Amino acid sequence: MTALFADLEETLPEGAALFRNRLSLAEQHAILDEVEHVIAEAPLFRPQMPTGPTMINSLTNCGPLGWISDRRGYRYEPTHPATGRPWPPIPQAVLDCANSLTRQAGLGDYAPDACLVNRYEASGKLSLHRDFDEADFKWPIVSFSFGNDAVFLLGGMKRQDPTTTMTLRSGDVLVLGGPSRLRYHGVRRIRPGTSPIEHGVMPEGGRINLTLRRARP
Ligand code: MD3
Ligand code: FE
C-alpha cells in the first residue's frame, strides 16, 4: 500500500485521496489556458435549479457530455443549452493527470466522458449535495482546484452525518471513488487573497474547479 500511495500526503476515508499540490504553477497555467478556450467555445452559464433558484456559481463543460440543470431537473447533455453546439473536448493534460492518479490509487484505467467546469466568485459556495446523476457509481470522480482556497466539507452517506472540513488549494487534485463516491460534500466558502496564481479566466478573488466524471455506463 505504501508504495502505491508514495506521493499521497493525506489519508481520508476509504476511496477518497487528496493529492496536494499535484500540479505545478506552470501546469496550472497551461490547464487554465485550455479552460479559457473551453469557455470561449462553451460560454459559462448560471443554471436554474429544478426547485426555482439560480445556481450561485457559473459553470460550463467539456467532453462528450456535460452536466446541466433546468426546471426539468439535472442531467447530462451532449450540447450546450444556449449555443446548441457540442461541448469542446476535455484538455489532454487533465485526462493524463486523472489517469495517472486513478492508476496510482489502484483503480485501473479511467475513461471519463464529462468534465464540469465550476467558476466561483469570491462569495461563491456550494451547498451540501451528492453527485448522483451518473449511470454507474463504480467510476471515481477526479476534481482539480485552481485559484483561491476553498473550505471544503466532506460528509457521510446521509445529509445529517458529520462533516470533515479541509482546504482545497490551487494545484490540489482530489479522487473520490469506492465507498466515498456517494458521500455528501460541499464548499462552505472561498478564501479570497489566497491564490498562488492569477489567470484571466478566474475572477479576482475566485476559484475554478474541474470535476471529471464518467456519466454513461
Ligand atoms: C466528494 N464541486 O462539481 S470538488 C461538483 O469544489 C462539486 O467545486 C466542488 O462538488 C467544487 O459536484 C467540490 C470535490 C468533490 C467532487 C465530487 C465529489 C468532492 C466529492 C463526489 C463525491 C464525494
Ligand atoms: Fe459534487
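Tally up the residues in region 67-99 that are in contact with a His (Cβ under 7 Å, 6 or more places away or on another chain) and outside any loop (DSSP other than H, G, I, E, B), please. Final tally of qualifying residues: 0.
For region 206-217, the tally of residues that are part of a loop (DSSP other than H, G, I, E, B) and either open to solvent by less than 20 Å² (accessible area, probe 1.4 Å) or at positive phi (or both) stands at 2. For A135, the requirement of being touching a Lys or Arg at 6+ places or on another chain (Cβ under 7 Å), in contact (Cβ under 8 Å) with a residue 12 or more places away in the chain and crowded, with 21+ Cβ neighbours inside 10 Å is not met. Taken together, G206, G178, G193, G200 contain a single residue that is farther than 18 Å from H29 by Cα and among the small types (G, A, S), which is G178.
Candidates T51, T2: the one that is modelled with pLDDT under 95, hydroxyl-bearing (S, T, Y), more than 21 Å from V187 (Cα to Cα) and in a loop (DSSP other than H, G, I, E, B) is T2.
Selection of region 22-48 for residues being under 19 Å from V117 (Cα atoms), outside any helix (DSSP H, G or I) and open to solvent by 40 Å² or more (accessible area, probe 1.4 Å) yields R22, P43, L44, R46, Q48. For region 26-79, give me each residue that is in contact (Cβ under 8 Å) with a residue 24 or more places away in the chain and polar (S, T, N, Q). Scanning region 26-79 gives Q28, N57, S58, T60, N61. Taken over region 98-127, the criterion of being hydrophobic (A, V, I, L, M, F, W, C), more than 16 Å from ligand 2 (Cβ to nearest atom) and surrounded by fewer than 21 Cβ atoms within 10 Å (Cβ to Cβ) is satisfied by L107, A111, A122.
L176 meets all of the listed conditions (1) hydrophobic (A, V, I, L, M, F, W, C); (2) at pLDDT 95 or above; (3) under 16 Å from L210 (Cα atoms) but one, namely (2).
What do you reckon, is D161 without any contact (Cβ under 8 Å) to a residue 40 or more places away in the chain and exposed (fewer than 15 other Cβ atoms within 10 Å of the Cβ)? Answer is yes for this residue. Looking only at residues in region 174-205 that are outside any loop (DSSP other than H, G, I, E, B) and either in contact with a helix residue (DSSP H, G or I) (Cβ under 6 Å, 6 or more places away or on another chain) or open to solvent by 50 Å² or more (accessible area, probe 1.4 Å) (or both), the one that is farthest from ligand 1 (Cβ to nearest atom) is R191.
The values are calculated or read from the model by the stated rules, or taken from the named source; none is laboratory data. As the structure is a computational prediction, the values presented were derived from the model and not from experiment. Glycine gets a Cβ as well: all are built from the backbone with ideal geometry, and neighbour counts include every protein chain shown. SASA here: full protein model, heavy atoms, side chains in, ligands and nucleic acids out. Shrake-Rupley method; radii C 1.70, N 1.55, O 1.52, S 1.80 Å.
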